[in-house]
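Quick notes on the structure that follows.
The values are calculated or read from the model by the stated rules, or taken from the named source; none is laboratory data. If you're wondering where the values come from, they're calculated on a predicted model, not measured in any experiment. Please note: Cβ atoms are built from the backbone with ideal geometry, for glycine as well, and neighbour counts cover all protein chains shown. Note: accessible area is taken over every heavy atom of the protein model, side chains too, but ligands, DNA and RNA are not part of it. Shrake-Rupley method; radii C 1.70, N 1.55, O 1.52, S 1.80 Å.
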Amino acid sequence: MSDVGQAEWARDLAENLLAETLPRRWAHTQGVAQRAASLAPILGEETDTLIAAAYLHDVGYAPDLVDTGFHPLDGARYLRDVAKADDTLCRLVAHHSCAVNEALERKLFDALTAEFDEERPELVEALTYCDMTTDPDGTHLDVT
């Protein structure tokens with residue numbers, strides 16, 4: 001898949017996976033994507049990739065995708081194995097919002113890091129910022 005239109009593809013996929021079964025998670029996801037779009041002046045050409053990752057970051061919560069119960073890993077595996085998403089998106093989903101720390105607690109660190117290399121820190125940090133400054137209903141929160 002090319003980077004052109006990646007965000008639109010990701011939005012449709014996330015909506016199909018989350019909107020009906022997890023409407024509050026879908027609201028959060030839309031808010032995270034809006035935050036990602038707001039970073040366009042900083043991200044330039046990578047804006048579409050970040051917006052796509054924002055739409056996809058929580059797809060691992062979709063009931064049909066739950067395998068390990070660890071949504072970053074379950075979502076990244078689905079994106080890689082089923083949706084055939086590009087590697088950057090898979091890595092961003094796998095490692096978003098300090099996932100490695102939770103992976104350690106859940107004894108899934110080896111699986112996470114063996115299957116998905118880390119993505120560039122500035123993209124991971126941008127996605128984490130968008131996620132952590134959006135409440136469960138999609139409303140913007142300040143950093144504090």
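Assorted remarks:
- Within the range 48-137, helices (runs of 4 or more DSSP H) holding 2 or more residues that are of a type in the set (Asp, Glu) and open to solvent by 50 Å² or more (accessible area, probe 1.4 Å): 99-105, 109-115, 121-132
- You will find that of ALA111, ALA27, ALA99, the residue that is closer than 20 Å to GLU15 by Cα and not acidic (Asp, Glu) is ALA27 and no other.
- Only one of THR68, THR139, THR134 that is touching a strand residue (DSSP E or B) at 6+ places or on another chain (Cβ under 7 Å) and touching a residue at least 40 places away in the same chain (Cβ under 8 Å): THR134
- The test for being in contact with a Ser or Thr (Cβ under 7 Å, 6 or more places away or on another chain), over 16 Å from GLY69 (Cβ atoms) and among the hydroxyl-bearing types (Ser, Thr, Tyr) holds for THR128.
- Here the range 38-47 is the region considered, the condition is being of a type in the set (A, V, I, L, M, F, W, C) and part of a helix (DSSP H, G or I), and the residue that is farthest from THR21 (Cα to Cα) is ILE42.
- Listed by first and then second residue, the pairs with beta-carbon distance under 7 Å, at least 6 apart or on different chains, first residue in the range 78-92 and of a type in the set (D, E, K, R), second open to solvent by less than 60 Å² (accessible area, probe 1.4 Å), are ARG80/CYS90; ARG91/PHE116; ARG91/GLU119.
- Condition check for TYR61: in contact with a His (Cβ under 8 Å, 6 or more places away or on another chain) and within 25 Å of GLU20 (Cβ to Cβ): yes
- Selection from the range 101-144 of residues that are under 26 Å from LEU18 (Cα atoms) and basic (Lys, Arg): ARG106
- Qualifying positions in the range 1-37 - in contact (Cβ under 8 Å) with a residue 40 or more places away in the chain, loosely packed, with under 14 Cβ neighbours inside 10 Å and assigned to a helix (DSSP H, G or I): ARG24
- Within the range 48-84, the set of residues being within 14 Å of TRP9 (Cα to Cα) and among the hydroxyl-bearing types (Ser, Thr, Tyr) comprises THR49, TYR55.
- Matching residues in the range 104-144 - criterion: being charged (D, E, K, R) and within 20 Å of LEU50 (Cβ to Cβ): ASP117, GLU118, GLU119, ARG120, GLU122, GLU125, ASP131, ASP135, ASP142
- Test for ALA40: is it among the small types (Gly, Ala, Ser) and in contact with a Cys (Cβ under 9 Å, 6 or more places away or on another chain): no
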